[in-house]
Amino acid sequence: MESKHSQDKLSAYLDAELNAADRRQLEAHLSGCGECTAALAQLQALRGRVASEAQRYAAPDYLKHRIHAALQAEPGQRPQHRAAAPRAWPWAWINLGLAGAATAAFAVTLTLYLDQPSANERFEQELVASHFRALMPNHLADVASTDQHTVKPWFTGKLDFSPPVHDLAPQGYALIGGRLDYLQQRPVAAVAYRHRQHILNLYIWPDAGSSASAPQAGMRQGFHLLRWSQDGMQYSAVSDMNPQDLAQFAGYLRQKVAQADAQ
């Protein structure tokens, strides 16, 4: 028995649709053919994966009726003494088609699942979207001031926490002002800075359960992000400035926050 002919019968063999003689002949061939044995193993693996992972859909009644009618149809004049064994072949093709459709559905479902952004990616998208909105005219600051003693008190009564606000103009990062924003389904403080021609938005909100963490860099849609936690607060900075300048800003700010806590 040639391998090509044998492989054509593997699906029917798995579905127990071969007659006894064909089954014995195929099994004898499999015992000495590594290629066909490997092909059979692949079909068994595919069947197991489809059975365990693919979604199952019940065929509607009209489809069942059409399949049944097609199998029972007698096109033309057929001899009355035809063999019964070939009638199993339509079911083999139907099973193969259903397995292929189920596999395709599983592949589409898996692709859609893998394409879904992670929680971290969704949050970074939210940060960039907020930063982009702030760059629109008259959206950058609700309170425009270079004085940290004006910006910080402005948040009082508007938030359930007091965000640290520091002017870093001597270090090259001038305070522009502050505004209220909304991230991860809660109000946050947004403090805006200018470094040369670049605007930086710093988002601050409390997170008592977080421990101090070093800044973690990211990039999305051409903007650089830097996120860290310090003294029960979460900080997220977004800007189009280069990563080195953004990291330098975070270092200056972290030092200011530590000094203020020590006093």
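If you rank Phe155, Phe132, Phe123 by fewest surrounding Cβ atoms within 10 Å, what's the result?
Ordered by Cβ neighbours within 10 Å, fewest first: Phe132, Phe123, Phe155.
For the pair Ala260 and Phe161, how long in nm is the line joining their label points, each one 7 Å along Cα→Cβ?
Those two pseudo-labels are separated by 1.3 nm.
For the pair Tyr182/His65, report the inter-label distance in nm, with labels modelled 7 Å from Cα in the Cβ direction.
It is 5.2 nm.
Taking the Cα centre of the range 119-262 as origin, sum charge times position over the Cβ atoms of Lys and Arg (+1) and Asp and Glu (-1), and report the length of that vector in debye to the nearest 20.
Numbers: 12 positive and 13 negative charges, 32 e Å.
In debye, rounded to 20, the range 119-262 gives about 160.
Go through the range 12-29 residue by residue and turn each phi into a ³J(HN,Hα) via Karplus (6.51, -1.76, 1.60, θ = phi - 60°); whole Hz please, and just put x for glycine and proline.
Going residue by residue, I get 5, 5, 5, 8, 6, 10, 7, 6, 4, 5, 5, 5, 5, 5, 5, 5, 5, 5 Hz, with x marking Gly and Pro.
Under 5 Å between amide H atoms, partner at least 5 residues away or on a different chain: which partners does Met233 have, H built in plane at 1.01 Å?
Long-range HN contacts for Met233: Asp207.
Can you compute the FRET efficiency between Arg122 and Gln42 using 1/(1 + (r/R0)^6), with r the Cβ-Cβ distance and R0 = 41 Å? Round to the nearest 0.05.
0.65
Go through the range 150-166 residue by residue and turn each phi into a ³J(HN,Hα) via Karplus (6.51, -1.76, 1.60, θ = phi - 60°); whole Hz please, and just put x for glycine and proline.
Couplings: 9, 6, 4, x, 4, 6, 4, x, 9, 10, 8, 8, 10, x, x, 10, 9 Hz.
Under the classification rounded if a/c is under 1.5, otherwise prolate if a/b is larger than b/c and oblate if not, where does the range 119-262 fall, given a ≥ b ≥ c as square roots of the Cα gyration tensor eigenvalues?
rounded
Coordinate-derived values only; no laboratory data. Since this is a predicted model, take the numbers as computed values, not measurements. Note: ideal-geometry Cβ built from the backbone for every residue, glycine included; neighbour counts use all protein chains shown.
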